[in-house]
Amino acid sequence: MKMIVLWTDALVYLLVIGLVVWIYFFRKTQEWRLILAQLKKRPYYLVALLILMVYGIIGILDSIHFKTASNEFAVRSVLDLLLSPYDHVSEVTYSAPFATHSAEPQVLKTEDGHFAEVYPKLKYFHFLGTDKIGRDVFYLAIKSIRTGLVIGTVTTLVMLPFALLFGMWAGYFRGWVDDIIQYIYTTLSSVPGILLIAGAMLSLQPKIEADPDIRLLILCVILGVTSWTTLCRLLRGETLKLRSADFVQSAIALGVTPLKIIRRHIMPNLMHIVIITVALDFSALVLAEAILSYVGVGVDPTAFSWGNMINAARLDMAREPLVWWSLSGALFFMFILVFSANIFSDALQKAFNPKEN
Amino acid sequence: MQALLSVRNLSARLKSEDQCVSLLNNINFEICPEQTVALLGETGSGKSLTALSICRLLSQSIFLSPESEVLLQGKNLLTLSEIEMRRVRGKQIAMIFQEPTTSFNPVFTIGHQIEEVLLHHQRLARKGLEKVVYRLLENVHIAEVERVYKAYPHQLSGGMKQRAMIAMALAGEPKLLIADEPTTALDVITQAQILVLLKQLQAKFGMGILFITHDLSVAAEMADQIIVMQAGRIIEQRGELQKSPLTPHPPQPPLKGGSFQRGGLEVKSILNDAETLLSVEHLDIYFPIKRGIFNKTVGYVRAVEKISLTVRKGETLAIVGESGSGKTTLARGIMSLIKPTQGEVDLLGENLAHLSQKQLRKKRAEFQIIFQDPLSAMDPRCRIKAILEEGMIALKIGADQNERDERINALLDAVGLLPEHLTRYPHQLSGGQRQRVCIARALAVGPRLLVCDEPTSSLDVSVQAQIIDLFIRLQKELEIAYLFITHNIALVRTMAHRVIVMKDGKMVEQGTVEQVLNAPQHPYTKALLIAAGRGQI
C-alpha cells in the first residue's frame with residue numbers, strides 16, 4: 001500500500017493545519033467566547049455546526065489517497081474503504097431507492113432454455129438507488145462532498161488576499177492607488193462571470209485535460225480570481241470609513257507607519273465583514289460548481305461532483321418511468337451543506353457584529 | 001390649582017433573561033398648567049426614561065410596577081388601551097427631541113409633515129391646510145414661512161429645524177409639552193433663542209412643560225420647579241423661586257454649566273518672552289466641491305481662511321466659536337492630518353510642509369492631539385496597554401519592554417488611572433477614564449504641544465471638572481502648551497491665557513482672555529458672550 005498525495009489533497013491538509021492553529025490562538029479571544037455564547041443560545045446553530053463538521057470529516061477522509069499492491073491503477077481513499085463495496089461494484093443499470101430488483105427489464109435465458117424478460121435481482125441494497133451504469137447514488141453524493149468543499153474553501157483562499165489587500169490599500173491610500181484598483185475591479189465585474197470562467201477554462205483545456213485533479217485546482221484559481229470584487233468593494237468602503245475614524249487619526253498623529261496602521265487598526269476591524277462574506281460566498285461557490293459543471297466548464301466529467309450528477313440527471317429526467325433519485329440525491333446533499341453554512345454564518349454574524357452584543 | 005399631570009410611584013425595571021435591573025425608583029411629581037418642571041441629571045439618570053414612561057413609549061423589555069400611576073387631568077394613562085393612547089399622544093401630550101435632524105423624515109417637506117399631524121389630530125379638511133401650517137410656523141417666529149413650508153429637512157439649519165419641530169409639536173394644541181434636551185444639539189446663540197421661544201409659547205397657549213436637561217443654567221432659567229435625578233431616583237426637588245443655593249449632595253457634585261468647581265488649582269501665568277512652539281501663518285484649508293462626470297472642481301468650501309496664530313511654551317491658547325466655524329478643521333490642519341491648501345505651520349521653527357513623510361512621523365513626538373469623543377479615538381479591539389504603548393513603539397521611546405512598562409506606570413499615576421485598567425478594553429471604562437487614557441497616550445511620546453479638540457464636551461459635567469483639573473496640573477508639572485478648542489466660554493475663563501474667536505472659518509477677534517471676554521470688540525464675540533452668560537447663577 002502506497003500513499004498518494006494529490007495537489008488538492010496537499011491543500012486540504014494545509015487548510016486543516018491552518019484551521020487547528022487558528023483555533024488554538026483564537027480560542028482565548030473575546031470573539032471566540034461570543035461565538036460559543038451564540039451557539040449555546042440557539043441549538044440550531046449547534047446543529048448547523050455539527051453538520052458542517054460531519055461534511056468536513058467526510059471531505060478529509062476522502063482526501064487521504066493510496067494505491068494498493070493488488071491494483072496498480074486504482075487510486076482509492078480512506079472513504080472508499082469505509083464505503084466498500086459500493087466503490088468498486090455496480091449493478092447493471094437503474095434501480096429505485098430501497099428496491100430489490102432493477103428498474104429495467106433484461107432479456108435472460110431461463111433454466112428451461114427459453115428467453116424471458118425479467119427484472120434482475122440486485123446484488124446489494126441501495127439506499128438511494130443506482131444510476132444508469134449501476135453506480136450507487138448515495139456513494140456518488142457522498143464522494144461529491146470533497147469536490148464541493150475544495151471548491152468552496154480553496155477558492156475562498158485564493159480570493160481572500162486579493163480582496164483584503166486591494167480593498168484596504170484602495171480605502172487607505174486613496175488617490176491613484178484607489179483609481180487603479182477600482183479600475184481593475186470595475187472591469188472584472190462588468191464582464192459576465194460565467195463567460196469569463198468558461199473562456200479561461202476553455203483556453204486552458206489542452207493543459208488540464210489529462211488530470212482531473214489539476215483541473216479542479218485550476219477551476220478554483222479561476223473562480224477565485226474572478227470573484228474577489230464584491231468583497232473588495234465592501235472592504236474599500238469600510239476602510240474609507242475607518243480611515244477617518246478618530247482612532248486611526250490618532251495613530252497617524254502618533255507617527256505609526258501606514259502599513260502598521262492597516263495591520264493593527266484597519267484589518268482587525270474588518271474581520272467581521274470578511275468572515276461573514278466568506279461564509280456566505282462559500283455556499284455561493286458550492287452552487288457555482290454545480291452550475292459550471294452543468295454548463296460543461298466545471299470539474300472533469302469523470303470526477304465525482306454534484307454538478308456532474310445533476311448534468312447526468314438531465315437525461316434521466318426525460319425517461320419513462322421517471323428516474324428522480326439521482327437528481328434529488330445530489331440536490332439534497334448540496335442543500336444540507338449550503339443551508340448549514342448559511343445558518344452558521346448567521347451565528348458568526350451575530351457574534352461579530354458589535355451592535356448585536 | 002388642579003395638576004395637569006401627576007406622576008405617582010413611578011418605578012420601572014428592565015427584565016432580561018437572568019437578571020432584573022431597577023431603572024426608575026418611586027418617582028413622584030406634578031405639573032400644573034402653565035408651569036415648567038425641569039428634570040435635571042446626568043446621562044443615564046433616568047430623565048428620558050421618565051418622559052418615555054409618561055408617553056408609554058418604553059421598549060417592551062422594560063416593565064412598570066403595578067403601583068405606578070401617570071394621571072393626565074385625572075385620567076390614568078397607564079391603563080388606557082393602545083388605541084386610546086394614540087389619541088392622547090400628539091393631541092394632549094407632544095414631545096420634542098434633542099436631535100431635530102433625525103426626528104423629521106428626510107424625504108418629505110416640512111409643510112407636508114406638519115400637515116400630516118394636522119390631518120390626524122384636528123380632522124381638518126385638506127383644503128386650506130397650508131394657511132394653518134403658515135400660522136403655526138409664524139407662531140415659532142419663522143420669518144420665511146413659504147420657504148420653510150416647501151423645504152426638505154436637510155435644507156434648514158439646526159435652529160430652524162428645531163423651530164419647525166416645535167411648530168409640529170404644537171399642531172395638535174397639546175396641554176403638555178415634553179422637551180427632551182431640545183437645545184443640546186444647538187450652538188449657544190440659537191439655544192438662547194429657542195428657550196425664549198418656548199417661554200413665549202407657553203404663555204400664549206397655557207401649556208405645561210416637562211423640560212429635560214443636564215444643564216443647570218438652562219433649567220434655572222426655564223423652570224418653576226427643578227427635579228434633580230440620579231440613578232433612577234429623585235434626589236432633590238424644589239421650586240426655583242426660593243432662590244436658595246442648591247444643597248450639595250454627597251454623591252452628586254454640583255451640576256454647574258456656568259463655572260467649574262475645581263480643586264483650586266490656579267493657571268500659571270507665563271512670561272511674555274517664552275519660547276515660541278507653534279506658529280501658524282495665513283493658513284487656508286479649502287475642500288473642493290466636485291460636480292459632473294469628470295469630477296470638475298466647481299468651487300471650494302472655505303473651512304479655514306487666513307488664520308495666523310502662535311503658541312508659546314507652557315501657554316494655553318483657546319479657540320472658541322460655534323459648531324461649523326472650522327475649529328476642528330484647523331486643529332487637524334495644524335496636526336498635518338489634513339493637508340493645508342495654503343500657508344505655513346511651523347513647529348519649533350521647522351515648516352511641517354517641507355518635511356518628508358518619515359521626518360514628519362519622527363516630529364510627531366513633539367505635538368499630539370486629543371479628540372472630542374475618547375471612545376471613538378481608541379481602537380475598540382485593543383486593550384488599554386496596547387493603546388498606550390503604540391506611540392512609544394512607533395516613535396522608539398523607551399529602549400525595551402521594561403522601560404516602556406515603567407513609563408506606562410508613571411503615566412497612569414500622572415493621569416489618575418490604576419494598573420488594573422491596563423488589561424481592559426476601551427468600552428469597559430467610564431467616559432472620564434477613557435479621556436484619561438487618551439491624555440496618557442498623547443503624553444507617552446513626550447509632546448510639548450497638545451492640541452485638544454473639545455476634550456470635555458462629550459463628558460458629564462462633574463467629570464468635565466476633573467479632566468480640566470488634570471489638564472491644568474499637567475501643564476504646571478510638564479510645561480506643556482495647549483491649543484484648546486472649545487465652545488464653552490466658562491472653560492476659556494478658567495484655563496486659557498489667550499483666546500481666538502472664530503466664525504465661518506475666519507478669525508474675528510483675538511487677545512488675552514481678560515481683553516476678549518471682558519471687553520469684546522467684535523459684535524459676534526459680544527453675541528457669543530451674551531448667549532453663554534445667560535442664566536448663569
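Select from region B:329-346 the residues that are away from chain A (no Cβ under 11 Å), surrounded by 17 or more Cβ atoms within 10 Å (Cβ to Cβ) and not acidic (Asp, Glu) and list them in ascending order. First the steps, then the outcome.
Of region B:329-346, the ones away from chain A (no Cβ under 11 Å) are B:329-330, B:333, B:339-346.
Retained after the next criterion (residues that are surrounded by 17 or more Cβ atoms within 10 Å (Cβ to Cβ)): B:329-330, B:333, B:340-341, B:343, B:345-346.
Within region B:329-346, B:Thr329, B:Leu330, B:Gly333, B:Pro340, B:Thr341, B:Gly343, B:Val345 qualify.
Where helices (runs of 4 or more DSSP H) fall entirely within region B:347-445, those with at least 2 residues that are more than 14 Å from every other protein chain (Cβ to nearest Cβ) and hydrophobic (A, V, I, L, M, F, W, C) are at B:401-415.
Restricting attention to region A:314-322, does a residue exist that is surrounded by 22 or more Cβ atoms within 10 Å (Cβ to Cβ) and touching a residue at least 60 places away in the same chain (Cβ under 8 Å)?
Taking region A:314-322 and keeping what is surrounded by 22 or more Cβ atoms within 10 Å (Cβ to Cβ), we get none.
No, because not a single residue in region A:314-322 is surrounded by 22 or more Cβ atoms within 10 Å (Cβ to Cβ) and touching a residue at least 60 places away in the same chain (Cβ under 8 Å).
Confirm whether A:Ile180 is assigned to a helix (DSSP H, G or I) and either free of Cβ contacts under 8 Å to residues at least 40 places away in the same chain or over 30 Å from A:Asp62 (Cβ atoms) (or both).
Working: assigned to a helix (DSSP H, G or I): yes; either free of Cβ contacts under 8 Å to residues at least 40 places away in the same chain or over 30 Å from A:Asp62 (Cβ atoms) (or both): yes.
So A:Ile180 fits the description; yes.
When you check A:Leu240 against the structure, is it modelled with pLDDT of 90 or more, buried (at least 21 other Cβ atoms within 10 Å of the Cβ) and away from every other protein chain (no Cβ under 14 Å), yes or no? No: the conditions fail for A:Leu240.
Scanning region B:56-91 for residues that are touching an Asp or Glu at 6+ places or on another chain (Cβ under 9 Å) and farther than 26 Å from B:Gly232 by Cβ gives a single hit, B:Lys91.
Within region A:80-91, can you find the residues that are surrounded by 15 or more Cβ atoms within 10 Å (Cβ to Cβ) and of a type in the set (A, V, I, L, M)? Spell out how you get there, then give the answer.
Taking region A:80-91 first, the residues surrounded by 15 or more Cβ atoms within 10 Å (Cβ to Cβ) are A:80, A:83, A:86-87, A:90-91.
Matches in region A:80-91: A:Leu83 only.
Taking only pairs six or more apart or across chains, which ones have beta-carbon atoms under 7 Å, a first residue in region A:23-42 that is under 17 Å from A:Met271 (Cβ atoms) and touching a residue at least 40 places away in the same chain (Cβ under 8 Å), and a second residue that is of a type outside the set (A, V, I, L, M, F, W, C) and surrounded by 11 or more Cβ atoms within 10 Å (Cβ to Cβ)? As it stands, the answer is A:Leu34/A:Asn357; A:Gln38/A:Tyr45; A:Gln38/A:Lys350, since those pairs meet every condition given. Being more than 14 Å from the chain's Cα centre (by Cα) and of a type in the set (Val, Ile, Thr) is a description that applies to A:Ile17.
Considering each residue of region A:255-263 in turn, at least one proves to be within 14 Å of chain B (Cβ to nearest Cβ), within 18 Å of B:Ser376 (Cβ to Cβ) and in contact with a helix residue (DSSP H, G or I) (Cβ under 8 Å, 6 or more places away or on another chain). Yes or no: region A:218-228 includes at least one residue that is within 14 Å of chain B (Cβ to nearest Cβ) and either more than 18 Å from the chain's Cα centre (by Cα) or modelled with pLDDT under 90 (or both). Checking region A:218-228: not a single residue is within 14 Å of chain B (Cβ to nearest Cβ) and either more than 18 Å from the chain's Cα centre (by Cα) or modelled with pLDDT under 90 (or both). Under the condition of being over 14 Å from A:Lys132 (Cα atoms), among the aliphatic types (A, V, I, L, M) and in contact (Cβ under 8 Å) with a residue 24 or more places away in the chain, the residues counted in region A:90-109 number 1. Criterion applied to A:Met168, A:Met159, A:Met201 was being in a helix (DSSP H, G or I) and either surrounded by fewer than 22 Cβ atoms within 10 Å (Cβ to Cβ) or touching a Pro at 6+ places or on another chain (Cβ under 6 Å) (or both), and the one residue passing it is A:Met201. All conditions but one from (1) within 30 Å of B:Gly511 (Cα to Cα); (2) in the same structural domain as B:Gln433 (by TED's automatic domain parsing) apply to B:Ile384; the one that does not is (1).
Look at B:Ala519 and say whether it is in contact (Cβ under 8 Å) with a residue 60 or more places away in the chain, outside the structural domain of B:Ile384 (by TED's automatic domain parsing) and of a type in the set (Gly, Ala, Ser). Spelling it out, it is not the case that B:Ala519 is in contact (Cβ under 8 Å) with a residue 60 or more places away in the chain, outside the structural domain of B:Ile384 (by TED's automatic domain parsing) and of a type in the set (Gly, Ala, Ser).
The values are calculated or read from the model by the stated rules, or taken from the named source; none is laboratory data. Note that the structure is predicted; figures quoted are calculated from it, not measured. Note: ideal-geometry Cβ built from the backbone for every residue, glycine included; neighbour counts use all protein chains shown.
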